[in-house]
Structure formats: structure tokens, C-alpha cells
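See below for the structure under consideration.
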Amino acid sequence: MAPMDSRNVGLLPQEPATRYRFYSALFVFLCLVVWFVWGGPFYSVAQDEQALVLTLGTYTKTTGPGLHFKWPWPVQTVVTETVTRVRSVEVGFRTIHPGRPGQPGRYREFKEDREMLKEAKMLTGDENIVNAELVTMYKISNLRDYYFNVEAQDDTVRILAEAVLRQVVADYGIDDALIRTRMEMEAEIRTKLIELAQLYGLGIGIEDVKLQQVQPPDDVSSAFKEVATAKEESQKLFNEAEGVRSEKTLQAKGEANRIVFAARGMAAERVNLATGETNRFLKLLEEYKKAPDVTRERLYQETLQRVMPKIKKVLVDPTAGILNVNRLENIAVPAVTATEGGR
Amino acid sequence: MHALKEILFVILVILALVLVEESCFVVTEWEHAVVTRFGNPVKVVLARVMTRPDYAARLALVEGEFKKSGVFTVRRGPGVYFKTPFIERVKFFESRANLYMSGTYDIVTGDKKKIHLDNFALWRIENPLLFWQTVQDDFGARGRLDAFVFSNLRNKVTKSDFMEIVRTSKTRTIITAEGKEAKPVERGREDIQRDVTEACRKAATQVGIHILDVRIRKADLPQENELAVYQRMAEERRRMSKQYRADGLRVKAEILGDAEREARLVRSQGEKEAQKIMGAADAEATGIYAQAYSQDKEFYTYTKSLETLEKSLATDTSLILGLDKGIFRLIKIKE
């Protein structure tokens with residue numbers, strides 16, 4: 001035997017029987033490796049995952065992230081699932097590429113896509129039609145429920161989101177759905193989804209419900225735009241009128257102030273004039289009281305001096321001609337004019 | 001010799017494995033299992049549904065029924081079970097809820113309108129034996145569900161008005177584009193869904209299925225009616241546009257009129273104030289004059305007369321004076 005062994009210098013055994021034994025050992029070893037890796041006593045759970053451990057089909061425990069020991073297959077099997085990741089279902093559009101900073105995402109939208117339009121088109125509560133897009137974000141809140149209660153969990157969430165969106169939109173009038181009550185509708189969709197997820201035992205938590213777009217259909221969008229234009233025009237008219245109003249009011253205020261100020265001026269003038277005049281009179285009166293007769297005559301003479309040079313005078317001698325005097329007395333003004341030349 | 005022994009060993013191992021595989025089976029948490037011998041059930045394993053006590057209770061009823069009949073063994077919950085190898089077969093059924101989608105169809109409503117409906121339901125196998133005997137598998141179940149959902153839904157829909165199917169709740173008031181309240185409905189989609197679910201649930205127990213919920217996924221107008229809706233919508237919007245324009249003009253006129261009123265008010269208030277000021281000044285001046293002139297009424301009259309005389313004899317006044325009066329007497333003296 002010894003010389004035969006010494007011949008065996010290569011890695012592969014030369015003798016057929018030994019070679020056969022080597023191959024079967026290798027086969028068993030490989031089987032063990034496969035078993036160890038795929039069904040063996042260790043399993044690892046990633047940071048964002050949880051695992052359900054089933055012992056002969058029976059639920060045993062839920063484990064968190066890390067490397068864990070288990071009984072090898074077929075005794076214990078493990079189901080792992082990401083639980084921290086937020087999943088989303090989209091109704092009326094699909095995200096093809098979410099986009100990065102500086103690069104917009106790409107979407108399938110109902111505007112270009114008939115399939116999406118079918119999803120997005122829905123009736124409102126007043127029998128009008130709108131196109132709506134919804135995003136629902138959800139997360140597995142209880143992995144055991146998620147796995148044990150519903151078979152096609154994510155499909156179910158998708159269908160639910162679609163049904164609930166339509167049901168809620170169908171309970172609002174078109175103007176409410178388009179503009180006014182978006183938050184209200186989102187809250188209602190969310191409440192309803194939570195209620196149904198609970199009813200079905202989906203084991204998910206609704207993280208967020210967002211109505212992305214609610215728009216009138218293309219066929220009538222021009223009429224809707226026209227309303228917006230009319231609204232704007234109406235607003236413009238209002239603004240114009242308000243402008244005129246403020247201008248006019250300011251003008252009137254200015255004018256009123258002018259009148260009041262002028263009146264104040266006139267009032268002051270009048271009082272001052274009165275004071276001035278009376279002061280002058282009182283001074284004069286003082287002098288007059290000292291020598292009444294002389295002052296009286298002086299005032300008379302001064303007045304005449306001021307008056308006489310300015311006026312036209314026709315001097316008539318009463319003794320000269322009675323006829324002339326009579327004529328002048330009978331015919332008042334023309335006679336005066338006639339005598340002008342005689343000055 | 002060596003090799004032959006080993007081959008025999010391998011064959012034995014394989015045989016042992018096959019025997020084990022044939023004689024026991026594992027039922028997982030979300031499964032029912034039925035063991036049959038030549039097509040007859042000998043053992044039924046019902047799921048325990050640990051996460052839903054309500055369904056577990058329903059399954060307990062089924063379990064009780066099976067036990068009473070006593071034809072086969074009944075077990076409950078996941079785990080390892082045994083069967084006679086080779087002559088008994090085991091069949092597994094999902095105990096989890098399954099999604100059923102109906103596809104779309106048109107139904108005529110109670111108010112003679114066509115409605116385009118798409119529905120879905122969640123259902124689970126509650127009695128695997130009955131399920132297997134009546135519908136065999138999921139495909140068979142689909143067919144029956146189609147029939148249940150369609151017939152029950154049509155039954156309700158033909159008795160309801162179009163808007164009762166569309167609208168969710170009967171309590172909410174909807175303000176239409178005209179700004180009026182939409183006609184309230186007596187029943188809403190929720191009521192109809194509840195009724196249909198109830199009816200379907202009752203029917204589906206015949207095939208061992210428990211229906212969790214039947215819902216309307218879509219309730220739309222058929223394609224051919226959409227055009228009419230679009231026309232009506234456009235008409236409504238045109239009317240609104242007109243209304244906005246007319247409102248704009250009306251508001252403008254109102255504001256301008258109001259502006260006029262305000263301007264006049266402000267101006268006249270100014271005038272009123274001015275008159276008041278002037279009145280006060282007049283009064284004050286009159287007081288001043290009266291106070292001063294009443295000191296010597298006779299002298300006042302005299303000076304005022306002189307003033308009046310001076311003022312009234314303007315430049316172009318002509319006077320005819322007698323030479324025998326006043327200062328002009330002096331002329332006569334000279335003669």
C-alpha cells in the first residue's frame with residue numbers, strides 16, 4: 001500500500017475508488033455549504049428589516065436587525081421584510097424616475113397617458129368629471145399582521161387607495177374638489193384608508209395622503225380658464241373703481257380743507273378788521289372828546305378835501321338863471337353829461 | 001464491493017427521506033390543509049389566525065361543525081402533521097384574505113341611467129373542505145365570486161338612483177357650480193356597499209368562502225355619456241364667466257356712485273365747517289364793533305356818515321352844487 005500512496009502526489013486522487021470517495025465527500029460538503037448558507041443556523045436581518053421566525057410553520061417570534069441564530073431548515077424558517085421603508089402607491093400617475101437635485105423626475109401623467117387618464121378620471125358629487133392624482137405613503141406597522149392577514153398586501157393597498165379617492169371625490173362638488181377643500185379631502189381619504197386597513201388587518205400605517213393635482217378634464221379646460229380670466233377682469237374693474245374712489249375722495253378732502261382754511265383766514269381777517277377799525281375809532285373818539293366842535297369841523301373839511309378833487313362838479317349860481325337850474329333839476333343824469341364840457 | 005455498498009446506502013437514505021416526506025407535512029400559519037384518502041377527506045387542519053380573533057372565532061364554529069359530523073379528524077393551527085404515506089394526499093389552502101377584482105361592466109340604475117362599475121372584494125377561505133368540494137381552487141372561486149358580486153350588485157344598483165351609487169354619504173351637502181345645494185340622496189355608496197357585502201357574504205358561505213368586504217372601485221359614466229357632461233360643464237362655466245363679468249361691472253358702478261357720494265359728503269362737511277367759522281367771526285366782529293361804537297353813538301354816526309360820503313362819491317360822480325351853499329359860498333364872496 002505504501003508505494004501506492006507515495007504515487008499520489010497531485011491534488012486529485014488517482015485510484016478510482018479513492019477518487020469516487022473524494023467526489024462523494026465533496027458533494028456532501030457542498031450540500032452542507034448550501035444548506036448552511038440558505039437554511040442553516042444563522043440568518044441576518046438588515047438595518048431596515050424585521051424577520052418572522054416560523055418553527056415548523058408556527059409563528060415563534062419577530063426579530064430585529066442583526067445576526068441571529070435559528071434551528072436549521074426545515075425546523076425553522078425565516079421571512080424577512082423591509083419595514084422602515086416608506087412605500088407609496090400612486091393613483092392617476094406613476095413615477096418613472098423620482099429625480100435628483102438639479103434633475104427633474106420623470107412621470108407618466110394622465111395628460112399623455114390613456115391608461116393613467118382612466119385611473120385619474122372620476123365623477124364628483126354633482127355629476128361633473130375631474131382628473132385627480134393621489135399619492136399614498138404607508139409603512140408596515142406590524143409585520144405579523146402584514147404577512148398573516150392578507151395575501152397580496154401591496155396590491156390591496158393600491159386598489160383601496162384608488163377606491164377611496166374616488167369615493168371621497170364623489171362626495172364633493174366640483175368647485176370644492178378643484179379648489180376649496182383639498183385638505184379636508186386628504187384628511188377624509190386618510191381616515192377612510194386607516195379604517196379599511198384596520199378592517200382588513202393589513203398591518204400598515206398610513207404615513208401621508210397627498211392629492212397631487214385635481215383638474216378639470218381637457219375637454220372643458222378652456223371654459224374653466226375663461227372663468228379665471230373673467231374673474232381676473234372683474235377684479236380689474238373692481239381695482240379700477242377703487243382707484244377712482246380713492247382719488248375722488250382725496251380730492252374732495254383736499255377741497256374741503258381748502259374751504260375750511262380759507263374760511264379761517266377770512267374769519268381772522270374780519271375780526272382783525274373789526275378790532276383795527278374800532279381801535280382807530282376809539283382813538284379818534286378820545287381826541288374828539290377833548291375838542292368836539294373843532295374835530296367835527298376838521299373831519300368834515302378833511303373829507304371834503306379828499307372827495308372834492310376827484311369828482312366832477314357843476315357849479316350853479318342860484319341867482320344867475322332860474323331856467324337853467326330848473327332844467328338841470330328836471331333832467332337829472334343826461335343834463336349832467338351835457339354840462340361836462342363846461343368844466 | 002465497496003461502491004455497491006455505498007450506492008445501497010445512498011438509496012436507503014433517499015428512501016428514508018421520501019418516507020418522511022410522505023408521512024408528515026408542515027402547515028404554515030397562513031394555511032389550511034385537507035388530507036384525503038382516495039379522494040375522501042380524512043383530516044382537515046384549520047388555520048388558527050392568531051392575528052384576528054374575530055376570524056379565529058368563525059373558524060372555531062367550522063371546527064365545531066366538523067367535529068360534530070365526525071367523519072374525519074379535525075385539527076387546528078400550524079405545525080407538523082402526519083398522514084399515511086403514499087395512499088393519502090394533502091392539499092393546502094390559503095387562509096389569508098385574497099383580492100378579487102371584477103373587471104368593469106355597465107348596469108342600468110333605478111333612474112334609468114347607465115353606470116360603469118368596477119368592483120373588488122376581499123375574501124378568505126373559511127371552510128377549506130367545502131371550498132375544495134365546490135369550487136376546487138382560486139380559479140373556480142373567481143367564477144363564483146363573479147356571479148355573487150355581479151348579481152347582488154345589479155340587484156342593488158337597479159333599485160338605486162345613479163347619484164346614490166356615486167355619492168358616498170347621505171349626510172354631506174354638496175354645493176354645485178350654481179352655488180345651490182345638490183339634491184340630497186337617501187342612501188349613499190357606503191350603504192349600497194354594505195348591503196352588497198352582506199348579501200354576497202351570505203351567498204359565499206355555500207362555497208366555504210368568507211367575504212370581508214365588497215367595494216366599488218370605480219363608478220363612472222359610460223364613455224358615450226361623458227360628452228354630454230363635458231358640454232354641461234362648459235355651459236356652466238360660460239355662465240359663470242358671464243356672471244363674473246357682469247358682477248365686475250355692477251361692482252364698478254356701485255363703487256363709483258359711492259365715491260361720488262363720499263366726495264360730496266366730504267366737500268359739504270368742509271363747507272359746513274367754513275360757514276360755522278365765518279359765523280363765529282361775524283359774531284365776534286359784531287361784538288367788537290358794538291362794544292366800541294356804543295361809547296358815543298352820535299360821533300360814530302357822524303364819522304361813519306363822512307366815510308360813507310367819501311366812499312359814495314367816486315371819481316366819475318358828477319355833482320351839481322349851488323354856489324350859495326357850503327364852501328362854495330366863498331366863490332360868491334369873491335364876485
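The values are calculated or read from the model by the stated rules, or taken from the named source; none is laboratory data. Every value quoted in this text rests on a predicted model; they were computed, and no experiment measured them. As a convention, Cβ positions derive from the backbone with ideal geometry for all residues, glycine included, and neighbour counts pool all protein chains shown.
I'd like the residue in region B:49-71 that is of a type outside the set (Val, Ile, Thr) and more than 22 Å from B:LEU212 (Cα to Cα) and, out of all such residues, is farthest from the chain's Cα centre (by Cα). First the steps, then the outcome.
Within region B:49-71, the subset of a type outside the set (Val, Ile, Thr) is B:50, B:52-61, B:63-70.
Now drop any that are not more than 22 Å from B:LEU212 (Cα to Cα), which leaves B:66-70.
Numbers: B:PHE66: 48, B:LYS67: 50, B:LYS68: 51, B:SER69: 52, B:GLY70: 54 Å.
Result: B:GLY70.
Could you check, for region B:7-20, whether at least one of its residues is touching a Leu at 6+ places or on another chain (Cβ under 8 Å), touching a residue at least 60 places away in the same chain (Cβ under 8 Å) and within 21 Å of A:VAL75 (Cα to Cα)? Within region B:7-20, none of the residues are touching a Leu at 6+ places or on another chain (Cβ under 8 Å), touching a residue at least 60 places away in the same chain (Cβ under 8 Å) and within 21 Å of A:VAL75 (Cα to Cα).
Okay, residues lined up against (1) facing another protein chain (nearest Cβ under 7 Å); (2) of a type in the set (Val, Ile, Thr); (3) crowded, with 16+ Cβ neighbours inside 10 Å:
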| position | (1), (2), (3) |
| --- | --- |
| A:ARG258 | no, no, no |
| A:PHE261 | no, no, no |
| A:MET266 | yes, no, no |
| A:ASN272 | no, no, no |
| A:THR278 | yes, yes, yes |
| A:LEU282 | yes, no, no |
| A:LYS289 | no, no, no |
| A:ASP293 | no, no, no |
| A:GLU297 | no, no, no |
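Would you please name the residue that is farthest from B:GLY70 (Cα to Cα), looking only at residues in region B:124-146 that are within 37 Å of the chain's Cα centre (by Cα) and buried (at least 23 other Cβ atoms within 10 Å of the Cβ)? Only one residue tops the list, namely B:LEU145. When B:GLN206 is tested against (1) in contact with a Ser or Thr (Cβ under 8 Å, 6 or more places away or on another chain); (2) surrounded by 14 or more Cβ atoms within 10 Å (Cβ to Cβ); (3) more than 8 Å from chain A (Cβ to nearest Cβ), just one condition goes unmet, and that condition is (2). For region A:202-219, the criterion of being over 21 Å from A:LEU134 (Cα atoms), charged (D, E, K, R) and either free of Cβ contacts under 8 Å to residues at least 24 places away in the same chain or outside the structural domain of A:ASP175 (by TED's automatic domain parsing) (or both) is met by at least one residue. Counting the residues of region A:194-213 that are more than 12 Å from every other protein chain (Cβ to nearest Cβ) and under 28 Å from B:LEU122 (Cβ atoms) gives 10. For region B:301-330, give me each residue that is modelled with pLDDT of 75 or more and either over 29 Å from A:LYS289 (Cα atoms) or more than 7 Å from every other protein chain (Cβ to nearest Cβ) (or both). Of everything in region B:301-330, those that are modelled with pLDDT of 75 or more and either over 29 Å from A:LYS289 (Cα atoms) or more than 7 Å from every other protein chain (Cβ to nearest Cβ) (or both) turn out to be B:THR301, B:LYS304, B:SER305, B:GLU307, B:THR308, B:LYS311, B:SER312. Within region A:146-161, can one find any residue that is of a type in the set (Ser, Thr, Tyr) and either touching a Phe, Trp or Tyr at 6+ places or on another chain (Cβ under 9 Å) or surrounded by fewer than 17 Cβ atoms within 10 Å (Cβ to Cβ) (or both)? Checking region A:146-161: at least one residue is of a type in the set (Ser, Thr, Tyr) and either touching a Phe, Trp or Tyr at 6+ places or on another chain (Cβ under 9 Å) or surrounded by fewer than 17 Cβ atoms within 10 Å (Cβ to Cβ) (or both).
Just one of the listed residues (A:GLU233, A:GLU247, A:GLU297) is more than 30 Å from B:ALA285 (Cβ to Cβ), modelled with pLDDT under 90 and among the charged types (D, E, K, R), and it is A:GLU297. If you scan region B:121-152, which residues turn out to be of a type in the set (Phe, Trp, Tyr) and within 18 Å of A:GLU151 (Cβ to Cβ)? Selection gives B:TRP123, B:PHE131, B:TRP132, B:PHE139. Can you confirm whether B:VAL149 is facing chain A (nearest Cβ under 9 Å), buried (at least 19 other Cβ atoms within 10 Å of the Cβ) and in contact (Cβ under 8 Å) with a residue 40 or more places away in the chain? Against the criterion (facing chain A (nearest Cβ under 9 Å), buried (at least 19 other Cβ atoms within 10 Å of the Cβ) and in contact (Cβ under 8 Å) with a residue 40 or more places away in the chain), B:VAL149 does not qualify.
If you go through region B:161-174 one residue at a time, do you hit one that is at pLDDT below 90, aromatic (Phe, Trp, Tyr) and crowded, with 20+ Cβ neighbours inside 10 Å? Yes, that holds for at least one residue.
Take the conditions (1) out of contact with any helix residue (DSSP H, G or I) (no Cβ under 7 Å at 6 or more places or on another chain); (2) at the interface with chain A (Cβ under 7 Å from one of its Cβ atoms); (3) aliphatic (A, V, I, L, M); B:ALA253 misses just one of them, which is (2). Restricted to region B:272-292, and to residues there that are facing chain A (nearest Cβ under 7 Å) and of a type in the set (A, V, I, L, M), the residue that is nearest to A:GLY254 (Cα to Cα) is B:ALA274. For first residues located in region A:66-86 and at positive phi, partners that are of a type in the set (A, V, I, L, M, F, W, C) and buried (at least 16 other Cβ atoms within 10 Å of the Cβ) and lie 6+ apart or on another chain with Cβ distances below 7 Å form the pairs A:GLY66/A:VAL45. Here region A:211-251 is the region considered, the condition is being more than 20 Å from the chain's Cα centre (by Cα) and aliphatic (A, V, I, L, M), and the residue that is farthest from B:ARG245 (Cα to Cα) is A:LEU250. The residue list B:GLN231, B:GLN269, B:GLN223 contains one member that is among the polar types (S, T, N, Q) and within 8 Å of chain A (Cβ to nearest Cβ), which is B:GLN269. Within region A:220-241, no residue that is facing chain B (nearest Cβ under 7 Å) sits with its Cβ atom under 7 Å from a residue that is loosely packed, with under 13 Cβ neighbours inside 10 Å and of a type in the set (Asp, Glu) at 6+ positions apart or across chains. Please go through region B:89-111 and pick out each residue that is more than 14 Å from chain A (Cβ to nearest Cβ), within 20 Å of B:GLU224 (Cβ to Cβ) and out of contact with any helix residue (DSSP H, G or I) (no Cβ under 9 Å at 6 or more places or on another chain). The answer is B:ASP106, and nothing else.
Are there any pairs, at least 6 apart or on different chains, whose C-beta atoms fall under 9 Å, with the first in region B:181-202 and over 13 Å from B:GLU164 (Cβ atoms) and the second part of a loop (DSSP other than H, G, I, E, B), and if so, which? Within 9 Å, the pairs are B:GLU181/B:THR173; B:GLU181/B:ILE174. Scanning region A:129-159 for residues that are under 29 Å from A:LEU117 (Cα atoms), touching a residue at least 40 places away in the same chain (Cβ under 8 Å), assigned to a helix (DSSP H, G or I) and not polar (S, T, N, Q) gives A:ASP154, A:VAL157, A:ARG158. When B:THR51, B:THR73, B:THR36 are screened for being crowded, with 19+ Cβ neighbours inside 10 Å and more than 11 Å from chain A (Cβ to nearest Cβ), only B:THR36 passes.
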